[in-house]
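J.: Structure incoming, see below.
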Amino acid sequence: MKNEQVIYDHKFDLHSINKFASLMTLGNGYLGLRAAFDEDYFEQIRGMYVAGIYNKASENEPSDLVNLPDLAGIRIEIDHEIFSMLNGKILSYERYLNLVTGELRRELLWENRGGARFSFVFQRFVAKNNLHVLASKVTVTSLDNTASIKIVTGINAQQTNFGKQHLIEEKVRVFDEEVMQGVYKTTESGHTIALATSCKCPAESEIAFVAKNRQLQTIIKDKLNVNHPFVFEKLGTVFTSLDQGEAGIDPEAASINELQVISAYGYDALLEMSALNWQEFWQQKRIQISSTDQFDQTAMDFALYHLEIMTPAHDERFSVGAKGLTGEGYKGHVFWDTEIFIKPFHLYTEPETAKKLLIYRYLHLQQAKEKAARNGYEGALFPWESAFSGEEETPEFAAINIRTGKRQKVASALAEHHIVADIAYAVVQYYQTTLDEEFMKKEGLALLKDTARFWISRAVDENGQLSIKDVIGPDEYTEHIDNNAYTNYMAYYNVDQALYFMEQYGEVDEVLQKQGRAFLTQLYLPKPNEQLIIPQDDTFLNKPEIDLSRYKENQGSQGILLDYSRAEVNEMQILKQADVVMLMYLFPELFEADVVLKNLSYYEEHTIHDSSLSKAIHAIVAARCNDSNSAYRFFQEACLIDLGPNPHSSDEGLHAASLGAIWLTTMFGFANISLKNNRLRLDPKLPGNWSELKFRLTIHGCQIEILMTHENVVASKCLGPDLLLEINGTEFLLTDRIEVTL
Ligand code: BGC
């Protein structure tokens with residue numbers, strides 16, 4: 001089998017066991033299930049997470065996205081030998097995640113220690129059409145001898161977040177000698193989680209149940225006859241006290257009721273229903289790339305699959321964590337990654353979902369205002385990292401230095417304030433793409449005003465000029481600096497847009513408007529110097545430079561921090577990730593082409609790309625500068641962040657923002673779309689080895705399909721109102737179909 005919409009794992013390798021567990025995560029935005037193997041391996045990290053279910057292990061710790069009791073583990077014994085790919089021999093092995101159906105499958109031919117062969121097919125999916133459902137199926141066939149089989153599985157609440165236990169076991173029960181149920185409560189946040197599961201096996205199987213040490217298990221015993229497949233199915237449901245129902249859902253009852261409903265269907269029928277939902281998704285949202293390198297299409301499909309399953313589109317009280325629901329990295333916290341890297345995909349394909357992500361921020365305006373007040377500012381200072389409560393969740397300290405026993409303070413919560421303007425930018429981008437007046441008048445304007453108030457209070461007057469001092473820009477290797485160009489320009493835009501929309505909606509707040517106007521005239525905006533370089537901050541360009549090539553070879557590893565302390569890195573011209581280049585990406589028209597080109601080249605030379613948020617942004621800016629080769633190289637390197645050969649790159653979860661950025665690069669770099677004066681502009685910059693690019697977008701309620709080649713652009717309206725287009729400098733009203741030769 002070879003299909004471009006499939007992610008393969010061709011060889012069982014313990015080294016990459018956790019990377020593949022992240023890559024092949026199943027999910028639906030409500031829950032995420034890591035692709036840990038059914039059987040246990042010492043190195044393996046299992047994980048099942050529900051969006052919004054966080055808990056603090058102790059009072060002074062940040063919240064963790066709770067690793068829930070496991071439903072996926074299955075222990076198999078054949079002739080009393082515990083099945084493991086480390087015992088006996090693997091005669092053939094293939095595991096693949098089919099992105100079209102959302103099913104994970106492993107096919108295995110295994111020889112036990114006694115030399116008898118068994119074929120295994122393991123299947124698993126998380127339903128896309130029913131947020132609470134997951135299912136697995138195991139088919140075992142003995143190929144040589146009659147053998148005994150024993151299966152042990154159930155609900156295992158021994159799961160922890162790297163050793164931290166977040167759940168109290170409240171109830172475990174078996175109903176009707178069939179259904180197992182566990183009900184748990186998070187220790188601090190007080191959420192209830194109810195899981196129910198039942199197994200289907202041949203009628204003659206012997207079945208027993210046991211509960212011990214936070215495990216509720218069924219034990220199934222049977223006989224394997226030669227060439228007679230033994231089929232075992234396990235269905236599960238997950239409900240929590242955060243679920244929204246008409247009268248509030250009782251998770252305990254709901255988990256049992258839903259299990260009863262789905263049991264009538266069984267694995268295959270449930271999979272079919274879920275797969276239909278995936279097919280609709282691909283029909284609407286797939287980006288088709290005709291490239292000489294098939295990897296480009298695979299990486300794009302992989303990114304879209306994960307963007308879909310990482311996003312809690314069902315509930316505006318939650319947002320997307322930096323690792324989605326694929327692992328415990330960054331404790332499941334939400335960063336600027338969501339607004340700037342992930343939200344645009346939804347905005348242009350499913351605007352309602354983008355709106356919900358912004359409402360998540362709106363719902364936490366109060367906490368952001370309190371954080372601002374605590375820090376002596378006005379308006380709203382959103383947390384650098386957030387979870388369910390909207391409070392600041394950034395850990396106070398980074399990893400311990402085991403030589404000195406000292407912990408390095410994490411400065412982001414205190415100084416990485418650009419997130420405030422990133423949210424405001426996302427609000428305006430949402431409006432420009434949807435023209436959603438209702439949102440803008442209420443939630444949008446409230447967000448813009450309070451974020452603007454923050455910047456006004458954050459700036460300080462220095463001889464009649466306003467500075468924004470002691471910040472961290474996107475480049476986290478440069479801390480506590482003054483007038484970070486990215487931050488200042490973003491703050492300017494934030495205040496400017498707040499004033500603009502206040503005027504649009506006739507909102508009067510004389511103090512804010514007066515202060516805002518003064519802020520706009522006085523704020524210092526770093527301009528290109530004689531060499532056309534925009535200083536990243538007040539001191540950056542005066543710092544010494546070092547040769548970064550050996551660190552760039554190992555980008556993503558933060559290897560520089562092994563050779564230099566953070567304080568030393570801070571005093572050199574070293575960037576972790578795009579900073580001025582990030583500014584150029586977000587404001588393509590702010591600077592002249594020669595300035596963009598010079599800055600791209602200057603800052604890239606000084607950037608290690610130790611953050612996964614960096615490469616794709618360079619790709620976009622390079623594409624717009626007509627540097628097609630660099631753009632394509634950066635794009636492919638960005639695609640390798642999770643899909644590359646490093647066996648540990650994604651152990652703790654995928655890089656959600658970088659997956660979003662694969663979509664960003666294709667749209668804002670290669671297709672080079674932009675919105676100006678209510679027109680969709682297309683100025684394609686396709687890489688040389690892409691012959692065709694096809695995609696659908698929703699803009700101002702109009703869904704269009706675009707087909708681009710190096711020679712022409714065809715735009716067709718699928719549904720909704722007509723749309724103004726500008727292709728290659730010429731304007732059109734798209735009523736049906738337009739073909740333009742480039
Ligand atoms: C990056 C941040 C990012 C965070 C979460 C850090 O390494 O520097 O920009 O928000 O990871 O992805």
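J.: Could you give the accessible area per residue of the stretch 262-390, probe 1.4 Å, as a whole number in Å²?
T.: Accessible surface, normalised per residue, equals 31 Å².
J.: Can you compute the equivalent ellipsoid semi-axes for the stretch 6-276, i.e. the square root of 5 times each eigenvalue of the Cα gyration tensor, sorted largest first and rounded to whole Å?
T.: 30, 20, 18
J.: Would you mind getting me the FRET efficiency between residue 438 and residue 210? Use the beta-carbon distance for r and R0 = 56 Å, nearest 0.05.
T.: It comes to 0.50.
J.: Probe 1.4 Å, all protein chains in place: accessible area of residue 291 in Å², nearest 10?
T.: My reading of the accessible area for residue 291 is about 30 Å².
J.: Still on this structure: Around residue 103, which amide H atoms from residues at least 5 apart in sequence, or from another chain, sit under 5 Å from its own amide H, with H modelled in the peptide plane?
T.: Result for residue 103 returns 98.
J.: Using the Kirkwood formula on the Cα atoms of the chain, what hydrodynamic radius do you get, in angstrom to one decimal?
T.: After inverting the pairwise mean of 1/r, the radius is 27.2 Å.
J.: Considering only protein heavy atoms, with the full assembly of protein chains and a 1.4 angstrom probe, order 639, 199 by accessible area, largest first.
T.: Descending accessible area places them as 199, 639.
J.: Helix 445-458 sits at what angle to the longest principal axis of the chain, using alpha carbons and giving 0 to 90 degrees rounded to 10?
T.: Taking the Cα atoms of the chain, the angle to 445-458 is about 60 degrees.
J.: Keeping every protein chain in place, order 205, 148 by accessible area at 1.4 Å, biggest value first, i.e. largest first.
T.: Largest to smallest exposure gives the sequence 148, 205.
J.: Considering only DSSP states other than H, G, I, E and B, which GluC sites (Glu not before Pro) in the stretch 393-483 qualify as loop sites with at most 15 other Cβ atoms within 10 Å?
T.: Sparse-neighbourhood loop GluC sites (Glu not before Pro): 396.
J.: Within the stretch 253-355, report the trypsin sites (Lys or Arg not before Pro) that DSSP leaves as loop and that have at most 11 other Cβ atoms within 10 Å.
T.: Passing both the DSSP loop test and the Cβ count: no residue.
J.: Measure off, as a whole percent, the carbon and sulfur share of the 1.4 Å-probe accessible area of the stretch 6-276, all protein chains present.
T.: Within the stretch 6-276, the accessible surface is 48 percent carbon and sulfur.
J.: Still on this structure, I have one more. With all pairs of different alpha carbon atoms counted, what Kirkwood hydrodynamic radius in Å does the stretch 393-475 show?
T.: Answer for the stretch 393-475: a Kirkwood hydrodynamic radius of 15.5 Å.
J.: Report, to the nearest 10°, how far helix 418-434 tilts away from the longest principal axis of the Cα atoms in the chain, using its own Cα long axis and a range of 0 to 90°.
T.: Once rounded, the angle reads 90 degrees.
J.: I would also like to ask the following. Give me a comma-separated list of calculated 3J(HN,Hα) values for the stretch 287-295, in order, Karplus coefficients 6.51, -1.76, 1.60 applied at θ = phi - 60°, integers in Hz, x for any Gly or Pro.
T.: Karplus values, whole Hz, x for Gly and Pro: 9, 9, 10, 9, 10, 5, 10, 4, 4.
J.: Now for a separate question. Averaged over every viewing direction, what's the projected area of the C-alpha convex hull for the stretch 1-92? Give it in nm², one decimal, please.
T.: 8.6 nm²
J.: Something else now. What chymotrypsin sites (Phe, Trp or Tyr not before Pro) in the stretch 35-71 are in a loop by DSSP, with at most 13 other Cβ atoms within 10 Å of the Cβ?
T.: 42
J.: Separate question: Would you please give the residues with an amide H less than 5 Å from that of residue 209, counting only those at least 5 places away or on a separate chain, with H modeled from the backbone geometry?
T.: Placed amide hydrogens put 219 under 5 Å from residue 209.
J.: Right, next: So what's the back-of-envelope 222 nm ellipticity for the chain, counting only DSSP H runs of four-plus at -39500 (n - 2.57) apiece and dividing by all residues, rounded to 500?
T.: Taking each H run of at least 4 residues, the total per residue is -9000 deg cm²/dmol.
J.: Right, something else. Taking H as built 1.01 Å from N, whose amide H comes closer than 5 Å to the amide H of residue 477, not counting residues under 5 places away?
T.: 576, 577
The values are calculated or read from the model by the stated rules, or taken from the named source; none is laboratory data. Predicted model only: the values in this text are computed from it and were never measured. Here Cβ is always computed from backbone atoms with ideal geometry, including for glycine, and neighbour counts include all displayed protein chains. For accessibility, only protein heavy atoms count, side chains too; no ligands or nucleic acids. Shrake-Rupley method; radii C 1.70, N 1.55, O 1.52, S 1.80 Å.
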